[in-house]
Amino acid sequence: MPAPLCLFCLRRIYSNSRAITCDKCQRWHYIRCGNTGISEKVYDEAVRNQLNCVSYVNANEVPMQCKLIKEKKLQRHQSRQTRATQGRLCAAWDRYGKKEISTSELL
């Protein structure tokens, strides 16, 4: 499974990243994105002590210009994901047409 994208900057978040999930939407974001108020020191201490960092991201706190930029990036990302999915679907359909896979495997 690919690494999730930051809710704000759309960069990949890996297991060693300083990131948390929003308690409302369950999407990941870096602690520096979204005005979490969680410093790197507090985050590192929470991780070290196996504590949860609580975050609630309010879209109204994000400047409008920032949201518009991020939405364009999100649209591009979604378009790439759609094209990739369509490519995999067409490839599976071709394999089904050549009798390389069964109906249940296609579905």
Subject >> Positions within the range 11-51 being assigned to a helix (DSSP H, G or I) and small (Gly, Ala, Ser), in sequence order >> reply: Ala46
**OP:** Within the range 14-46, count every residue that is hydroxyl-bearing (Ser, Thr, Tyr) and loosely packed, with under 14 Cβ neighbours inside 10 Å.
**Re:** 3
Subject >> Residue satisfying all of: in the range 52-100; modelled with pLDDT of 90 or more and outside any helix (DSSP H, G or I); nearest to Ile31 (Cα to Cα) among these >> reply: Glu100
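The values are calculated or read from the model by the stated rules, or taken from the named source; none is laboratory data. It should be emphasised that the depicted structure is a prediction, and the values quoted were computed from it without experimental measurement. Note that each Cβ is placed from the backbone with ideal geometry, even for glycine, and that neighbours are counted across all protein chains shown.
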